[in-house]
1. Averaged over peptide B:106-114, how many Cβ atoms belonging to another chain are found within 10 Å of each residue's Cβ?
2. Heavy atoms of the protein only, probe of 1.4 Å, neighbouring chains included. What is the accessible area of B:Thr190 in Å², nearest 10?
3. Once you have the Cα-Cα distance between B:Glu289 and B:Glu222, take 0.36 nm times their residue separation minus that, and quote the gain in nm to one decimal.
4. Using only atoms on other chains, find how many Cβ atoms lie within 10 Å of each Cβ of peptide B:302-311 and report the average.
5. Tell me which residues come under 5 Å, amide H to amide H, from A:Ala334 once H is placed; ignore anything under 5 positions away on its chain.
6. Heavy atoms of the protein only, probe of 1.4 Å, neighbouring chains included. What is the accessible area of A:His394 in Å², nearest 10?
7. Taking only protein heavy atoms and a 1.4 Å probe, what accessible area per residue, in Å², does the stretch A:224-333 have with all protein chains in place?
8. Sort by residue number and name the cysteines in chain B that have no neighbouring cysteine Cβ under 4.7 Å.
Amino acid sequence: MKKITIDPITRLEGHGKIEIFLDQSGEVNQAYLQIPELRGFEKFCEGRPAEELPRITSRICGVCPTAHHLAGTKALDDLFKVQPTFAAAKIRELMNSAFIAEDHILHFAFLGAPDFVVGPQVPAADRNILGVIDKVGKEVGSQIIEMRKQLRQVLKIIGGKPVCPTCGLPGGVSKGISEEERKTIQSAGEYGVEICSVLLKLFEDVVLKNQEYVDLVTGDIYKHQTYYMGTVDNNNLVNLYDGDLRVIDPLGNQYARFRPQAYQDYIREHPEPWSYMRFCYLKDVGWKGFVDGIDSGVYRVAPLARLNVAEGMATPKAQAEYEKMYNTLGGKPAHNTLAFHWARLIEAMYACERVVELSSDPEITSEELVNLPTNNPQEGVGVVEAPRGTLIHHYQTDNKGLITNVNLIVATQNNGAAINMSVEKAAKSLIKDGEVPEGLLNMIEMAFRAYDPCHACATHSLPGQMPLEINVYNNKQDLVKKLRHGRE
Amino acid sequence: MAKPKVAFYWCASCGGCEETVVDLNHDLLGVADAVDIVFWPVAMDFKRKDVENLQDGEIAVSFINGAIRLEEQEEMAHLLRKKSELVVAFGSCSHMGGIPGLANFHDKEEIFNRVFKEVPTMDNPQGITPQLHTPVEGGELTLPEFYDTVKTLDQTVSVDYYLPGCPPPPDLIMNAINTILSGTLPVRGTVLAPTKALCDTCPVRDSKPDKISIRQIKRPWEVRLDPEKCFLDQGVICMGPATRSGCGETCIRANMPCRGCFGPVDGVIEQGASALTMVASLLGLDIEETLPEDQEKDLLDSIVDPAGTFYKFSLPASLLRRKRL
């Protein structure tokens, strides 16, 4: 039996590894995506003052520290049973919106676009951000950099620094927004809306008008019929900061709708001895292994999942794009993994529109920033939608407000099982008779890249190619073939 | 002339140190022009093998972020040390252990039990934990070892310079790169940041009275934080006096107290002890003579979690280092 190793997959925090086992006839038997990374936040947060957790847990991920900071801050609200002031709630949502927009666009431009705008089959040397800029022109390239820069400035204004923010308090935020800062934020949002329009047009021109790409997006290699979970508002529209969690089944019917505090009634985690990751599934459907379908508790989160569980977007431009996407994909839910890229752009548009709306709200410059807690802390749950999916922080404390228990369901963990399945399905579809055809590596990469895995500090990918190496071993573990792609 | 070779690597970290490098924005393109980046897993297609193939000392400088938590990270640190003329510990985790270093209050077994067995959403009746070797159909899957103790980079390999912060701010990164490229190297072991304490550069420094007396410790959520006023004078613990400056006072400017990510000032080994002493010396200072002993003890007890507070970013680098095994 042969073994194929893809190691390292640097976009998984430098520590991802794919192992593929072939049977006697050279067909893929099993494939595994391993996450050999663990730091143990659930343990070492114990004993810390609860109010420090938004600043400690933001160090889980320096790519999405804003999401952890805000989930932690909302958990503190619930812990002390204190509502944030109206202004503080808006400032927090504004912060989350600016963050999601910049992070989504970074992922699209640096990670997604090379596969689509440049092409999955072009020489690897061109399949990077420079190739994207070559194709779309320097002007668009510099617009993307400018948009990110401006939105990161918004994060600095509100949270002190983009990595890692510092402003969250139970019942509010530590710092307000001045009129001058408000104008800067509004203008960053408006610029973001403009650039999202450019990128959505680009996506339409380059991807949707190219049959080869459309076939890839809608084809079977990158498709899984799973449950989906995401946050919706009272009208069942996508909300990235607050609302109920809604789950739909693979046919699109509502399976559950619940307050974040009830997450334990719906979500369970499954361990595997070969990974430091824990794999989430729906408790009552049950863990049936790495398989899809209505009988398997595997569900997905993040952009496409959020759009699937909702009935629309709360802002006009994003809503128009939402309708266009589902018309093209043939209705809801869309099970096409590569459509995560499209949904990501639509969410970026929504997030920029929200930045404009919130920064135009007269209350955003209010100095009513915090409601001081008066209740004894006990237990709290905080949930936000991070760029890569639903993020749950759950804290318990003693009567001094020192942490006794922490549970964290991190965005990519929700997608963990599905990412494994997607890699395996792509490998099974592409590797035949033990042959490892040219272009295979990138096609396998595309299977998990669509999810933008959270350890994807890879979103800062610079000129260069995601380094993948495939080693083919015979049944004596001798290396018989080595393939790599990237710049030679 | 050949461009100097530069490597970037990450160990037990969060990716924030990579984000802050990308936050150099246009300056990053200048850096990419001036040097030859030979290893940067996040961005470039070079492998461990490519590093192994370099001559010893061929890399001019390696910037290594993250603490040393797993076997694989230790191996990479040794490899890069061997191949590099200079090694810079980049960011709090590499410099002092950082937030992941708080895990030194526990050991591997406690962490595994919590993460894989005890958390309320875990369904693990068989008590499965990650294994170094797992037999599967057709072969074996392996994982790198998770150590009991988080180490700093300089507890693992010798380090030439330190770039502090969680994360290091872009301006200090540019300064460090320019300093190294210009060849005017400071004394080995230098922390590449200003030498003053944060307190000396604090935007609300003028509000700090000559003598602060803390009658009651306040948690940040217990008071309406006054953005114009010294935190210690409000009774809120701030690490400013015991922490090096250079961060741009970003947390203070967002109206939150310093937590010490830049580490101690020059000449101080133990940031936590220095901060603890500082705060303890301010407790009831103006009523010291008349304060009954039991009230003095209450005042001290009102500092909750002193170890986690004062050693938040520096536990592995401290003399305490870890809980006894």
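The values are calculated or read from the model by the stated rules, or taken from the named source; none is laboratory data. Treat the numbers as computed from the prediction; the structure is a model and nothing was measured. FYI the Cβ positions are ideal-geometry reconstructions off the backbone, even for glycines, and counts take in every protein chain you see. Heavy atoms of the whole protein, side chains included, go into the accessibility calculation; ligands, DNA and RNA do not. Shrake-Rupley method; radii C 1.70, N 1.55, O 1.52, S 1.80 Å.
1. Other-chain Cβ atoms within 10 Å of each residue's Cβ, averaged: 4.
2. Surface open to solvent at B:Thr190 totals about 40 Å².
3. 21.4 nm
4. Counting other chains' Cβ atoms within 10 Å and averaging over B:302-311 gives 3.
5. Counting only residues 5 or more places away or on other chains, the set is empty.
6. 10
7. Here the per-residue accessible area is 35 Å².
8. B:Cys11, B:Cys14, B:Cys17, B:Cys93, B:Cys199, B:Cys202, B:Cys230, B:Cys238, B:Cys247, B:Cys251, B:Cys258
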